Amino acid sequence: MFSSKKDEEKPYSETSEDASSNVQVATVLDNSDQLKRNLGNRQIQLIAIGGSIGTATFVTISTGLIKGGPAGLFLGYTIYTIMMGLVNNCMAEMAVFMPVSGAFIRMAGRWVDESFGFMAGWNFFLFEAILIPFEISALNLVLTYWSDNIPVEAIIVACIVLYFLINAFAVKWYGEAEFWLATGKVFLLLIVFLFTFITMVGGNPKHDAYGFRYWNKPGAFAEYITTGALGRFEGFLGAVWSAAFTIVGPEYLSMVAGETKLPRRYLKTAFKTSYLRFGFFFIGSAICVGIVIPYNDPTLLEITSGSSGGSGTASASPYVIAMKNLGISVLPHITNALLVTSIFSAGNAYTYCGSRSLYGLALDGHAPKFLRKCTKNGVPIYCLCITMLFPCLAFLEASSGADKVLTWLVDLLTAAQIIDYIIICTTYLFFYRACRAQGIDRKTLPYCGWFQPYSAWIALVWMVAVVCVYGYTTFLPGHWSIADFFTYYTMVIIAPVLFCGWKLVKRTKFVKASEADLVWDAPVIDAYEATYIEDAPGFWTEILQMFGMRRNRTSKEVE
């Protein structure tokens, strides 16, 4: 059923003979597969931003506030952001060194164990594919902020058609769509950050300079599950679990590696600026949310508990609740409108990553061979078609009570996100070991991660602890529930089963450090970059060129 990649792998160059001159002309390919490198610098930078900012940053971050209080939220998000920076440090070095299609999925199979790559690919694909219908359902929910009469089926069909069209043509159209959608996310963040600062110093209809009032009353730390010091610590853990499903990024950026122009330059810049983005977007959001609203706000508690309508919409956003508390009437509508674009962008990104992860599985023989088929524009069309079957699950929302099935599926797969980071850190440790064994000086690599391999070890231990412990409440006296147990630990069980099952069937072995393939697609990428003759402007230059400025800039070509 499955086949080896070696059967289909193309050489990095082809030769054709000119009939009139009998001269052979070399044509250098973008990749050893059929994807095309069409994503420019500005698109990569905004994809990096769009891939890290989701609906949780604006809405469900409030669950961390309720559980941990403003200080617990700040500490939880700060610590988790630091850990994500360590994961980013690992992914950056590998992706910039070997920017291949499938990214960390295929690296896991090449440098750790083929079975590890099999597990990584299906873990990532299932998570991405199931999230698409969930985001469509969230979009429907957000639109009810304005009206309950919008046909659910019409929104679902529109999303499915748009996602398919955006992803079915050249990848540059996906990049262009994400550029503008991610720009909307950035504007939304800037709006809520400015709202926080201006209103806290008294710039609101009530002229109330409330500052850090809510850090004092009701308090900096909330109690969760139990009371006292233990309850405050458990509240902090609740904020960490909230951060675990809000703070993302390096895995999504790595997935565009095989379709990026000048990947070693553009990806390097995008990964390096990720550290600043993590700090600004996530830690900044945690600070702002803890300022604008108390963790015991009655409206917030009613909405998040489900006793009041609006859960999952802009109404559940701590910013919108704060706006209404202060008597601000226009901003909630602007926030909801930009939230619509944010949710649509998330579904679009999941569609892209789902199709590319399935394509990566097919390249390595972990999915059916026919999935390697690409259009002339470099789109894995059959992978996209299969991925587009999953959004149809959103029609469950049209059936009363059936939407619970969709929510249940997403809950079952939530641990898959943390498992991705465990895979990245583990793969890096094998990569680091292989570099040492083969005498490769990492300082000569296009990007050399700092504080390695300790950075990878710290992040690995942290992520393993989080994925094992985040469902600990299930084991507390009086809290046991089989449904909750499987919600927390289904993927923790399935992932090892995928690994062991493929290992038993295929008899795979762990890759020896001295035998790890560190050459792989390097000749293809080197040849492509050496002959790249298009203009390669910086991010801001490219932005200015969009508006007709700096058109006469001299191209930097590599002969």
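Couple of notes before you dig in:
- Members of the range 101-142 that are under 20 Å from T387 (Cβ atoms), hydrophobic (A, V, I, L, M, F, W, C) and part of a loop (DSSP other than H, G, I, E, B): A103
- So F134, is it in contact with a helix residue (DSSP H, G or I) (Cβ under 7 Å, 6 or more places away or on another chain), modelled with pLDDT under 90 and open to solvent by 30 Å² or more (accessible area, probe 1.4 Å): yes
- Test: residue in the range 390-411 that is of a type outside the set (G, A, S), modelled with pLDDT under 75, within 30 Å of F510 (Cα to Cα) and in a helix (DSSP H, G or I): no
- The number of residues in the range 225-254 that are over 14 Å from G69 (Cα atoms) and of a type in the set (G, A, S) comes to 3.
- Of all residues in the range 221-246, those that are open to solvent by 40 Å² or more (accessible area, probe 1.4 Å), in a loop (DSSP other than H, G, I, E, B) and of a type outside the set (D, E, K, R) total 6.
- Listed by position, the helices (runs of 4 or more DSSP H) enclosed by the range 247-301 that each have at least 3 residues that are polar (S, T, N, Q) are 263-277.
- Residue check: Y489 meets all listed conditions (1) assigned to a helix (DSSP H, G or I); (2) surrounded by 14 or more Cβ atoms within 10 Å (Cβ to Cβ); (3) modelled with pLDDT of 90 or more but one, namely (3).
- Residue check for L498: aliphatic (A, V, I, L, M), out of contact with any Gly (no Cβ under 8 Å at 6 or more places or on another chain), surrounded by 12 or more Cβ atoms within 10 Å (Cβ to Cβ) and not in a helix (DSSP H, G or I): no
- Those residues of the range 46-64 which are at pLDDT 85 or above and either polar (S, T, N, Q) or in contact with a Gly (Cβ under 9 Å, 6 or more places away or on another chain) (or both), in sequence order: S62, T63, G64
- Of everything listed in (1) of a type outside the set (S, T, N, Q); (2) out of contact with any helix residue (DSSP H, G or I) (no Cβ under 6 Å at 6 or more places or on another chain); (3) open to solvent by 30 Å² or more (accessible area, probe 1.4 Å); (4) within 18 Å of I293 (Cα to Cα), the single unmet condition for F195 is (3).
- In the range 65-85, the residues that are under 17 Å from R277 (Cα atoms) reach residues that are surrounded by 24 or more Cβ atoms within 10 Å (Cβ to Cβ) and at pLDDT 95 or above with C-beta atoms within less than 7 angstrom, at least six apart or across chains, in these pairs: M83/A459.
- Residue count for the range 143-155, restricted to those that are in contact with a Leu (Cβ under 9 Å, 6 or more places away or on another chain) and in a helix (DSSP H, G or I): 1.
The values are calculated or read from the model by the stated rules, or taken from the named source; none is laboratory data. None of the values given here were measured: they were computed from a predicted structure. Cβ coordinates were reconstructed from backbone atoms using ideal geometry, including for glycine residues, and neighbour counts include every protein chain displayed. Calculation scope for accessible area: heavy atoms of the full protein, side chains included, ligands and nucleic acids excluded. Shrake-Rupley method; radii C 1.70, N 1.55, O 1.52, S 1.80 Å.
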